[in-house]
Amino acid sequence: MRTAVILVAAGRGSRAGGALPKQWQPLLGQPVARWTLQAFAHLGPLVMVIHPADRALAETAAKGLPVTLIDGAETRAGSVRAGLEALTETSPEYVLIQDVARPCTPPDVIRGVCDALRRSPGAAPAVAVSDALWIGAGGKVVGTQDRSALFRAQTPQGFHFDAILKAHRAHPPEAADDVQIARAAGLDVAIVPGDENNLKITTPGDFARAAQILKGEAMDIRLGNGFDVHAFEDGDHVVLCGVKVPHDHALKGHSDADVGMHAVTDAIYGALAQGDIGRHFPPSDPQWKGAESHIFLRHAADLARSKGFAIANVDCTLICERPKIGPHAEAMMQAMAAILDIAAERVSIKATTSERLGFTGREEGIAAIATATLMKA
């Protein structure tokens, strides 16, 4: 399916305030228009219709993206027609027409319009009106309006290219949107589900709402893994995930050798790209001799929070023949959760054997592997 996209960006958007037209104002560090361009860059040719005075701003917003910039007209319909005429040489099968001030258009909405064009000459997203509608005059309610068949129109509005080009050429250069022009030409337009997040920036407060939507869609999720091994030595217990477990050996290490806690700590450091325990607590430093491992784990958790991340969950597998972990797993999860300051249900501690293979199978020591998930708070 050959699909082109026209982004309408020639307006002034004075209701949004600011020194620049709204499409060139910054939103989370880049112009509004760039967010919209990025949402459609996976499709075919992109044409952005701009005001002639905005070319330098448009070139900055479109840098590195496959976009053709053309000058628009005094009306929206005139600008869309200019975009359509610019696409005649490429002759796409379908065209999507998008308000550049809708930087949060979800992928599902775009796909819905594209899918509907296989069955209809036109398709556009909309959200059913859910609020009561009043008719007002003189500052008073003078009547009500049935909302059962009413929708709030959104973009992208999609069409068979040849049909909408013909419709624009025949229609006077004034219309609320391209659906109006299509219907005037006798084209059927299918309604596909819109989305409340498909916000059109119109007033100053809309920038904050758009930023919140985009933060959610661009959620920063980090995964890290950790692995640790400690050999046995003489002793009568081991410390695993913060719990003292009776055993006929101890674990050998510079600190208390809590192999499970070390693996989880390294997983958190790994998710942050902050190395491992050795970077933060060098074994060559005598102050950490015999240190309890909760010091390391708490440092990793605090470091994550200082960088704006919440610990979503940790999962640790202890690999050993003995001691048996099952009877102590619940206590371990509670202990780790307290150190990490998260709910115990977000901590998983489990065990497996190596089927008598390798050093763990020979009961020469214990290994642990862990995964940590961090989410930008």
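Nothing in this text is a laboratory measurement; each read-out follows from the coordinates by a stated rule. This structure is a prediction, so every number in the text was calculated from the model and none was measured. Every residue, glycine among them, receives a Cβ derived from its backbone with ideal geometry; neighbour counts consider all protein chains shown.
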Exercise for the section: Estimate the FRET efficiency between residue 89 and residue 15 by the formula 1/(1 + (r/R0)^6), using the beta-carbon distance for r and 30 Å for R0, to the nearest 0.05. Expected result: 0.25
Exercise for the section: Give me the lysines in straight-line cross-link reach of residue 215: C-alpha distance below 24 Å, same-chain residues under 8 apart excluded. Expected result: 22, 63, 200, 307, 376
Fill in the blank from the handout: Between the modelled labels at residue 330 and residue 63 (7 Å from Cα along Cα→Cβ) the distance in nm is 6.0 nm
Fill in the blank from the handout: One computes Rg over Rh for region 3-217 from alpha-carbon atoms, with the Kirkwood Rh, and obtains 0.97
Problem - Amide H contacts under 5 Å for residue 365, placed H, 5+ residues apart - result: 232
Practice task
Sequence neighbours fewer than 8 away in the same chain don't count; with that in mind, list the lysines whose C-alpha is under 24 Å from residue 244.
Solution key: 252, 289, 324, 350
Problem - Student exercise, the chain dipole from Lys, Arg, Asp, Glu Cβ charges, in Debye to nearest 20 - result: 1360 debye
Problem - Solvent-free Debye scattering, log10 I(q)/I(0), computed from the Cα coordinates of region 233-344 at q = 0.09, 0.22 Å⁻¹ - result: -0.23, -1.28
Exercise for the section: List, in order, the whole-Hz ³J(HN,Hα) value for each residue of region 163-169 obtained from phi through the Karplus relation with A = 6.51, B = -1.76, C = 1.60 and θ = phi - 60°; use x for Gly and Pro. Expected result: 5, 6, 5, 4, 5, 5, 5
Exercise for the section: Tell me, rounded to the nearest percent, the portion of alpha carbon pairs in the chain spaced more than 28 Å apart. Expected result: 60 percent
Practice task
Report, for the chain, the % of DSSP beta bridges that are antiparallel, rounded to 5.
Solution key: 60 percent
Completion exercise
The long-range amide H neighbours of residue 152, using H built 1.01 Å from N in the peptide plane and a cut-off of under 5 Å, are 127, 128, 129
Problem - 222 nm mean residue ellipticity, helices alone, for the chain (DSSP H n ≥ 4; -39,500 (n - 2.57); rounded to 500) - result: -8500 deg cm²/dmol
Handout entry: Label zone at residue 115 (point 7 Å along Cα-to-Cβ), backbone N below 15 Å, region 194-227
Key = 194-195
Handout entry: Long-range HN-HN contacts of residue 71 with modeled amide H, under 5 Å
Key = 50
Completion exercise
Rounded to the nearest 10 degrees, the helix 259-271 long axis (Cα) sits at an angle to the longest Cα principal axis of the chain of 30 degrees
Fill in the blank from the handout: Once phi for every residue in region 198-208 is put through the Karplus expression 6.51 cos²θ - 1.76 cosθ + 1.60 (θ = phi - 60°), the whole-Hz ³J(HN,Hα) values, with Gly and Pro written as x, are 7, 6, 9, 5, 10, 10, x, x, 5, 5, 5
Problem - Percent antiparallel among DSSP beta bridges (both partners in region 3-217, rounded to 5) - result: 45 percent
Exercise for the section: Identify all aspartates and glutamates with a Cα-Cα distance to residue 166 below 14 Å; exclude those on the same chain that are fewer than 8 residues away in sequence. Expected result: 85, 93, 178
Problem - 20 Å cut-off, amide nitrogen to a point 7 angstrom out along residue 129 Cα→Cβ, residues in region 145-173 - result: 145-155
Handout entry: Table column - 3J(HN,Hα) (Hz), region 88-93, Karplus curve with 6.51, -1.76, 1.60, x for Gly and Pro
Key = 5, 6, 7, 6, x, 6
